[in-house]
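Colleague: Sharing a structure, written as structure tokens. Questions coming.
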Amino acid sequence: LEAEYFSQCTGVESDLYVPTGLFNHYILPYLNNTSWRIGFADKNIARRMLDIDNAQNYIDVVFPECIASCQNGRYYIGYDLLASYEDIVEKLASVREDFIIKPSLDSSHGHGVRKVRESEINKEMVIALLNEYGKNFTVQKVIKQHPTLALFNPTSVNTIRITTYQDFNNKIKILYAAQRFGGKGKIYDNADDPKGSGGFCAIDLDGTINRVIHHYRNQDTSVLPNTIPEKIPNFEKIKEAVVFLHSRFPHYGLIGWDASLTPDGHPIIIEYNFVPGIGTGQLANHPFFSKEDLDEIMKRLSCVKTSLSVHVISGNK
């Protein structure tokens, strides 16, 4: 039934569509070391994990600028300079531009993401904000995005979701890409918003934008306006960045990346996700894996299941 549904959505008939149950319960846990996920998912350590400063010697990539952060109750200017609570209050109260504050843990689906307007900022407001966000949060400058991406929705940072896969020959490849954008007035681009706002459309690997908009929550579709160009600018650089950075994580075969572009076209890596969903890719693009990759994964899964069965039957625990 899922294969039939995805075929209707994409127009690509195939028996390679992966059921979400199989993916979530078997494939993803096999490819990704889930026991490491919680620590690695802290957004406050993402820049360190990606080693962005060193990566910039090899690829064109930037990271959102951090104003302040709180990591397990410890305050920092930026990500690395230890500071007192009073230092952080003074730092944020002196900011003279809009900023974004969000939980550094458990902030999926836009949960807790807030844009603080310059006109709101004062010491009392900052103190209330710090009390509200607790022990783990990050404060970043608002990302200024490329004018082409802003056309999708001017109030949200419209990210490009790319999923990369490292196969068993250590080749890192891109499985799919999609352009996400928020609904009118939204500050985040979550296509799975409970109220159905926002949407996403497929991006071919040459950067061509599919004109069909998918509204994930209500399963409706619409068509991109003619004001949206045919291609994502500098898409090759975005692909190069995520493929290079995936090599930082040998314990994860699948990684979902949220990327954007600066106004002058430099790729921005906003965050990574070690539990990438399969629905968006198969809904808007095509089967998640190639036949070659899926056959190899299923063969290895079968060997693991057989090995476990023999282990249990023999009485070894």
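The values are calculated or read from the model by the stated rules, or taken from the named source; none is laboratory data. Please read all numbers here as calculations on a predicted model, not as lab measurements. As a convention, Cβ positions derive from the backbone with ideal geometry for all residues, glycine included, and neighbour counts pool all protein chains shown. Just so you know, the surface numbers come from the protein's heavy atoms only, side chains and all, with ligands and any DNA or RNA stripped out. Shrake-Rupley method; radii C 1.70, N 1.55, O 1.52, S 1.80 Å.
Colleague: Between residue 30 and residue 296, what is the label-point separation in nm under the 7 Å Cα-to-beta-carbon projection?
Modeller: Taking the two extended label points, one gets 1.3 nm.
Colleague: Let me ask something additional. Probe radius 1.4 Å, ligands and nucleic acids left out: which of 70, 303 has the largest accessible area, and how do the rest follow?
Modeller: 303, 70
Colleague: Set the Förster distance to 41 Å, then compute FRET efficiency between residue 117 and residue 168 from the Cβ-Cβ distance, nearest 0.05.
Modeller: Between residue 117 and residue 168 the formula returns 0.25.
Colleague: Determine how large the accessible area of residue 62 is when every protein chain is in place; take a 1.4 Å probe and give Å² rounded to the nearest 10.
Modeller: 40
Colleague: Using only Cα atoms and rounding to the nearest 10 degrees, what angle (0 to 90) does helix 123-133 make with the longest principal axis of the chain?
Modeller: The answer is roughly 20 degrees.
Colleague: Residue 30 accessible area, nearest 10 Å², 1.4 Å probe?
Modeller: Accessible surface of residue 30 is approximately 80 Å².
Colleague: What's the extension gain from residue 51 to residue 151 if we count 0.36 nm per residue and subtract their Cα-Cα distance?
Modeller: Length gained between residue 51 and residue 151: 32.9 nm.
Colleague: Just need the relative contact order of the chain here, percent rounded to a whole number, with Cα pairs under 8 Å and 6+ apart.
Modeller: Worked out over the chain, it gives 20 percent.
Colleague: Still on this model: Give me the number: length gained by fully extending residue 231 to residue 142, i.e. 0.36 nm times residue separation minus the C-alpha to C-alpha distance, one decimal in nm.
Modeller: Gain on stretching residue 231 to residue 142: 29.6 nm.
Colleague: Something else about it: Could you sort the peptides 173-186, 140-153, 111-124 by per-residue average Cβ neighbour count (10 Å cutoff), highest mean leading?
Modeller: The peptides rank, most packed first, as 173-186, 140-153, 111-124.
Colleague: Considering only protein heavy atoms, with the full assembly of protein chains and a 1.4 angstrom probe, order 74, 96, 248 by accessible area, largest first.
Modeller: Of 74, 96, 248, the descending order of accessible area is 96, 74, 248.
Colleague: Right, something else. Hey, any idea what % of the chain's accessible area is carbon plus sulfur with a 1.4 Å probe?
Modeller: 52
Colleague: Next question, about the same structure. Based on DSSP H runs of at least 4 residues, each adding -39500 (n - 2.57), what is the mean residue ellipticity at 222 nm of the chain after dividing by all its residues, to the nearest 500 deg cm²/dmol?
Modeller: About -8000 deg cm²/dmol.
Colleague: Additional query: What relative contact order, as a whole-number percentage, does the stretch 226-301 give when Cα pairs under 8 Å and 6 or more residues apart are counted?
Modeller: 21
Colleague: Run the 1.4 Å probe and let me know the accessible area of residue 52, rounded to the nearest 10 Å².
Modeller: The accessible area of residue 52 comes to roughly 0 Å².
Colleague: Hey, what angle do you get for helix 235-246 against the long axis of the chain, alpha-carbon based, 0 to 90 degrees rounded to 10?
Modeller: Roughly 80 degrees between the two axes.
Colleague: If you work out Kirkwood radius over Cα pairs in Å from the coordinates, which of [x] 21.0; [y] 22.6; [z] 20.5 do you get?
Modeller: Given [x] 21.0; [y] 22.6; [z] 20.5, the structure-derived one carries the label [x].
Colleague: In degrees from 0 to 90, rounded to the nearest 10, what is the angle of the helix 291-313 Cα long axis to the longest principal axis of the chain?
Modeller: Once rounded, the angle reads 80 degrees.
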